[in-house]
Structure formats: structure tokens, C-alpha cells
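Participant: The structure is given below, and queries will be raised subsequently.
The values are calculated or read from the model by the stated rules, or taken from the named source; none is laboratory data. Predicted, not measured: the structure shown is a model, and the values here were computed from it. So basically every Cβ, Gly included, is an ideal-geometry build from the backbone, and we count neighbours across all protein chains shown.
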Number of protein chains: 4
Amino acid sequence: MPKYRFKLDFKVRDYECDMQGIVNNAIYQNYLEHCRHEFLQSVGIDFKRLAQEKTFLVVVRAELDYKAPLRGGDVFWIGLNLERVSPIRFAFLQDIFCYPDQRLVLSARTIGTALNEKRRPFLPPEFANLLGPPKIPL
Amino acid sequence: MPKYRFKLDFKVRDYECDMQGIVNNAIYQNYLEHCRHEFLQSVGIDFKRLAQEKTFLVVVRAELDYKAPLRGGDVFWIGLNLERVSPIRFAFLQDIFCYPDQRLVLSARTIGTALNEKRRPFLPPEFANLLGPPKIPL
Amino acid sequence: MPKYRFKLDFKVRDYECDMQGIVNNAIYQNYLEHCRHEFLQSVGIDFKRLAQEKTFLVVVRAELDYKAPLRGGDVFWIGLNLERVSPIRFAFLQDIFCYPDQRLVLSARTIGTALNEKRRPFLPPEFANLLGPPKIPL
Amino acid sequence: MPKYRFKLDFKVRDYECDMQGIVNNAIYQNYLEHCRHEFLQSVGIDFKRLAQEKTFLVVVRAELDYKAPLRGGDVFWIGLNLERVSPIRFAFLQDIFCYPDQRLVLSARTIGTALNEKRRPFLPPEFANLLGPPKIPL
């Protein structure tokens with residue numbers, strides 16, 4: 001199991017399950033987003049405050065590999081890592097594991113950027129600090 | 001613009017928008033799923049009936065490229081194509097375009113399979129007919 | 001069946017159903033809200049534009065009587081009437097009927113008002129026109 | 001503040017907020033349902049297992065009084081009481097309070113019953129034990 005920079009516990013709520021009795025595919029994006037926002041909050045970046053200041057954190061690509069279903073009442077956790085993918089883009093790597101056997105449920109890679117008021121992409125200084133300098137090829 | 005095997009019109013509902021005033025990322029998976037189910041229905045495959053008969057259509061991977069946001073009241077359509085990706089897996093290729101200027105909003109590739117009652121993957125005969133024979137390399 | 005001032009057709013989407021195979025209770029509030037916003041739009045009142053101008057249309061009370069369940073694929077319609085309940089409050093009366101047999105699914109009464117930027121309730125002039133004058137007791 | 005039989009803590013997730021920047025009306029029903037299911041679980045009644053056994057717990061009426069909005073990141077709790085309202089109906093009385101000032105956010109009364117496989121209402125024995133005997137007028 002990889003090391004994670006941030007972890008968050010969750011419990012499946014019954015209304016998140018669909019007629020197959022398992023958590024609906026779209027709900028995982030809710031879980032992943034909440035984990036990202038909690039991580040950002042933990043390092044001093046507030047999604048809501050940024051939106052009020054017209055800096056919009058947006059997802060440009062999401063890749064989700066569904067490995068096993070979650071069901072009503074399951075308790076699980078999300079592990080999160082972060083990496084820079086370009087001068088103005090960053091990727092969240094997130095895995096979902098279900099208690100008690102640590103079964104891998106989902107792996108996701110979510111690429112984001114920030115948009116200014118004119119919806120032009122840029123990297124806010126808070127993120128530059130978070131990510132470290134871009135890797136410069138020799 | 002590519003040719004699509006199936007198209008479906010939608011209108012954004014205000015409750016689908018988040019505090020940024022745009023449709024939340026996860027909601028696109030709802031739209032895409034509804035379009036897939038309507039397409040399947042149109043060719044005689046009923047997601048709900050299959051679930052009742054313990055054949056579960058499931059997503060194993062989703063890739064979503066977010067190109068432009070949708071906002072409250074926007075009217076848009078989804079175009080869908082289908083292709084076989086392995087003996088027991090198929091992919092839905094779906095694009096979302098917003099009226100009236102046909103702006104590309106999102107492109108997605110969703111890979112699915114079916115699980116039997118024991119949750120073993122297989123290709124139901126309805127899908128085999130739909131997809132045509134697997135391509136045999138010469 | 002009562003006369004309605006506004007009607008809107010819907011189709012249940014599979015993701016709106018829960019593990020009981022029926023539309024989840026909370027989803028009906030989504031349907032009702034979308035119908036109210038479409039009605040308001042039809043008479044020139046734009047929920048989104050009002051929010052941008054810091055006039056917030058809010059619900060202060062909702063009463064929902066669940067009469068029969070909706071299931072995946074059901075096609076239904078909502079009928080809407082509007083009445084004034086106080087100088088600054090109005091009520092939407094909404095009923096949901098399922099095709100093809102016009103079975104009554106749900107009856108709801110939703111009381112709303114508007115809040116200004118300081119979150120003080122008031123009745124925007126658009127609503128005063130819509131509702132007519134308050135009834136004056138003789 | 002009344003005494004409650006069961007309490008549950010929550011935190012607002014940003015995706016639960018709408019374009020007004022506040023939790024959408026329908027989401028409160030999600031919160032209330034999750035709290036009810038957790039309470040039932042705590043007294044040995046499992047909504048999911050009952051559904052699998054074709055006993056469907058359903059809501060027949062919901063009344064929600066919205067007192068103040070919740071916003072992204074707010075931490076709140078729900079207090080729950082239960083009372084019998086007829087031989088086969090019971091009511092959940094639930095209040096939502098926001099930390100840290102214990103501001104009242106919402107009061108709700110949700111009337112439920114159980115349906116058997118033929119969708120006829122009845123009171124499962126687990127509920128009879130939970131509620132005590134019906135009050136007999138002298």
C-alpha cells in the first residue's frame with residue numbers, strides 16, 4: 001500500500017446506493033471531491049473562499065478505476081497524494097479502501113487547475129507552495 | 001463532429017449546479033449514465049430488468065475530459081457511440097455539446113462489463129448482438 | 001383533478017432510484033424545485049439571475065405527502081399552482097401524477113419567500129405582480 | 001433544547017451546496033434519512049436487510065421547517081425522537097443544530113410505515129418493541 005499525504009474516513013449512506021444495492025458510480029466523485037477539499041483546507045486552501053474571490057478550482061480530467069463495489073453501511077477511507085503535471089496543472093491521486101479488510105475499491109486520478117475571473121487558467125500561489133517548484137529538465 | 005449512434009437532449013436543472021454556479025463534476029456522470037440507459041433501452045436492453053434478474057451492468061473505468069462548464073438552464077445533448085474493447089468489455093464513447101453554438105462541454109469514455117449473480121464478469125448475449133463479433137486478427 | 005397553472009413532464013432516471021428500487025424521497029424535492037424554477041422562468045422570473053443580484057428565493061417550509069412510488073423509467077408530470085399566504089410569503093401547490101394511468105404519486109406544499117442581501121425577507125415586485133394583491137378582509 | 005433519543009454529527013460537504021452557496025433544500029432529506037437509518041441500526045433495525053427481505057420502510061409524509069441555512073464546511077448535529085402516530089405509523093421528530101452556537105437550522109417531522117412484499121402497510125415487530133404499546137384511550 002502506498003504512503004498517502006492525507007487520509008479521510010467515510011461511511012456509506014444508504015441514499016448513495018442505487019437499485020443494484022451498491023454505491024452509484026457518480027457518488028464516488030462526490031467522495032473524492034470532499035476528500036480533496038478537506039485536504040486543501042488542512043493546508044490552508046479554502047475552496048469556498050477562493051470561489052467567493054473568483055478563483056475557481058476546476059477539474060479538467062478525471063480517471064476512475066472501479067475495482068469493487070461499496071454497499072450501504074460500508075466504512076472506508078480515501079488516501080490522497082498530489083503531484084504537479086504541468087506549470088499550471090496538478091493531479092490528485094486518490095485510492096479508496098474499505099474496512100475492515102482494506103480491500104481496494106477505487107483508484108482515481110483527477111487533474112485540476114485554477115481559473116481566474118475571466119476563466120483563464122493559472123496556478124494560484126498557494127498551490128505553487130504546495131506543489132514545490134516545477135521539475136526542470138537538465 | 002463525429003457521427004453518433006444515439007443522441008439525447010437534456011436541460012441543466014438548477015439543483016445540479018454548485019457554489020461556483022456551474023454543474024458539479026459528479027453530475028456529468030449522472031447525465032452520461034442516463035444517456036447510456038436510454039440508449040440500451042432503445043435497443044431492447046433494460047438495465048433495471050437485468051438487475052432484477054441478477055445481471056449487473058457495471059462500470060469498470062471512466063475517463064472524463066471537462067472542456068467547458070454547463071450552467072443553470074443550459075440546454076445540451078449527448079452523442080453516444082459503442083465499441084468492444086475485449087471479449088467481455090465494451091466502451092461507451094460520449095460527448096456533450098451545448099446548444100445553441102454546439103460548444104464541446106465534455107468527452108467521456110466509459111468501459112463496462114456485466115457481472116453475474118456471483119459477480120463474475122461475462123458478456124450477456126444481448127450485448128454480443130449489439131457489438132458484433134470480436135475482431136479477429138488475421 | 002384540479003386545474004393547474006403550469007405543468008412539466010419528467011422521466012425517472014435510474015440513478016434517482018435507491019436500493020428499494022424506487023425513487024428516493026429526497027429526489028422528489030429536486031423534481032419539485034426544477035418545476036418551480038421552470039414555472040418562474042416562464043413568467044419572467046429567473047432564479048439564477050436573482051441569486052446573482054443577491055435576491056435569494058428560499059423555502060421556509062415543505063410538506064410532502066408520498067402517495068405511491070415512482071420507479072426507474074416512469075414518465076410523470078407535475079402540476080403547479082401558486083397562492084399568497086402572507087404579505088411576504090407564497091405557497092407552491094404541486095402534485096405529481098404518473099403516466100399512463102394518472103396515478104397520484106405525491107402532493108406537496110412549499111412555502112417560500114425572498115431574502116435580500118442582508119437575509120431579510122421581502123416580496124420582490126415580480127412576485128407581487130404574479131400573486132395579485134393580498135386579500136383584504138372586509 | 002429538547003432531550004433527544006439519538007444524536008448524530010455531520011459536516012457539510014461542498015458538493016451539497018447550490019448556486020446560492022447554501023445547502024440545497026433536498027439535501028436535508030438526505031441528512032435526515034441517514035440519521036434515521038443510523039438510529040435504527042443502533043437499535044438493531046437494518047434498513048438494507050429489511051429491504052432484502054422485502055420489508056420496505058417508507059416515508060408517507062414529511063414536514064420540514066427551514067430556519068437558517070447551512071453552508072460549506074459547517075459542522076452540525078441532528079437530534080432524533082420517535083413517536084407512534086397510529087397502529088401502523090410512526091413519526092421521527094428531528095432537529096438540526098449548527099455548531100458552535102447551537103443555532104437551530106431545521107425542524108422536521110417524518111411519518112413512516114412499513115410495506116410488505118405486496119406493498120400493504122404493517123408494523124414490523126421490531127418497531128412495535130421500539131415504540132411501546134399504542135396508547136389506549138381510557
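Participant: Which of (1) more than 16 Å from the chain's Cα centre (by Cα); (2) within 14 Å of chain C (Cβ to nearest Cβ); (3) over 30 Å from residue A:46 (Cα atoms) does residue D:112 not meet, given it meets every other one?
Facilitator: Result: residue D:112 fails condition (1) only.
Participant: Right, next: Yes or no: the stretch A:92-107 includes at least one residue that is of a type in the set (Phe, Trp, Tyr), part of a loop (DSSP other than H, G, I, E, B) and touching a strand residue (DSSP E or B) at 6+ places or on another chain (Cβ under 8 Å).
Facilitator: yes
Participant: I'd like to check something: does the stretch C:39-49 contain any residue that is more than 17 Å from residue C:91 (Cβ to Cβ) and out of contact with any helix residue (DSSP H, G or I) (no Cβ under 9 Å at 6 or more places or on another chain)?
Facilitator: Checked against the condition, which is being more than 17 Å from residue C:91 (Cβ to Cβ) and out of contact with any helix residue (DSSP H, G or I) (no Cβ under 9 Å at 6 or more places or on another chain), the stretch C:39-49 yields at least one hit.
Residue by residue, here is whether (1) at pLDDT 95 or above; (2) more than 11 Å from the chain's Cα centre (by Cα); (3) in a strand (DSSP E or B) holds:
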{"site": "C:44", "(1), (2), (3)": "no, yes, no"}
{"site": "C:51", "(1), (2), (3)": "no, yes, no"}
{"site": "C:60", "(1), (2), (3)": "yes, yes, yes"}
{"site": "C:85", "(1), (2), (3)": "no, yes, yes"}
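Participant: Another question, then. Could you grab me the full set of residues in the stretch B:30-49 that are in contact (Cβ under 8 Å) with a residue 60 or more places away in the chain and of a type outside the set (A, V, I, L, M)?
Facilitator: If the condition is that a residue be in contact (Cβ under 8 Å) with a residue 60 or more places away in the chain and of a type outside the set (A, V, I, L, M), then B:31, B:36, B:44 are the ones that fit.
Participant: Report whether or not residue B:61 is under 24 Å from residue B:124 (Cα atoms) and either free of Cβ contacts under 8 Å to residues at least 12 places away in the same chain or more than 7 Å from chain A (Cβ to nearest Cβ) (or both).
Facilitator: no
Participant: Also, I was wondering about something else. I'm trying to understand the selection: among the residues of the stretch A:98-122, which are aromatic (Phe, Trp, Tyr) and at pLDDT 95 or above?
Facilitator: A:99
Participant: Return the residue satisfying two criteria in turn: it lies in the stretch A:68-106 and is within 14 Å of chain D (Cβ to nearest Cβ) and touching a Lys or Arg at 6+ places or on another chain (Cβ under 8 Å), and of such residues it is surrounded by the most Cβ atoms within 10 Å (Cβ to Cβ).
Facilitator: Restricting to residues being within 14 Å of chain D (Cβ to nearest Cβ) and touching a Lys or Arg at 6+ places or on another chain (Cβ under 8 Å), the top hit is A:78.
Participant: Here's another thing I want to ask about it. Just checking, does the stretch D:16-35 include any residue being over 18 Å from residue C:62 (Cα atoms), part of a helix (DSSP H, G or I) and within 11 Å of the chain's Cα centre (by Cα)?
Facilitator: So far as the stretch D:16-35 goes, yes, one or more of its residues are over 18 Å from residue C:62 (Cα atoms), part of a helix (DSSP H, G or I) and within 11 Å of the chain's Cα centre (by Cα).
Participant: How many residues are within 10 Å of another protein chain (Cβ to nearest Cβ), touching a Pro at 6+ places or on another chain (Cβ under 9 Å) and over 17 Å from residue B:69 (Cα atoms) if we restrict to the stretch B:1-54?
Facilitator: Final tally of qualifying residues: 1.
Participant: Go through the residues of the stretch C:41-49 one by one and say whether even a single one is among the small types (Gly, Ala, Ser) and more than 15 Å from residue D:61 (Cα to Cα).
Facilitator: Checking the stretch C:41-49: at least one residue is among the small types (Gly, Ala, Ser) and more than 15 Å from residue D:61 (Cα to Cα).
Participant: Further question on the same structure: Take the conditions among the aliphatic types (A, V, I, L, M) and either assigned to a strand (DSSP E or B) or farther than 30 Å from residue A:33 by Cα (or both) and apply them to residue D:40. Does it pass?
Facilitator: no
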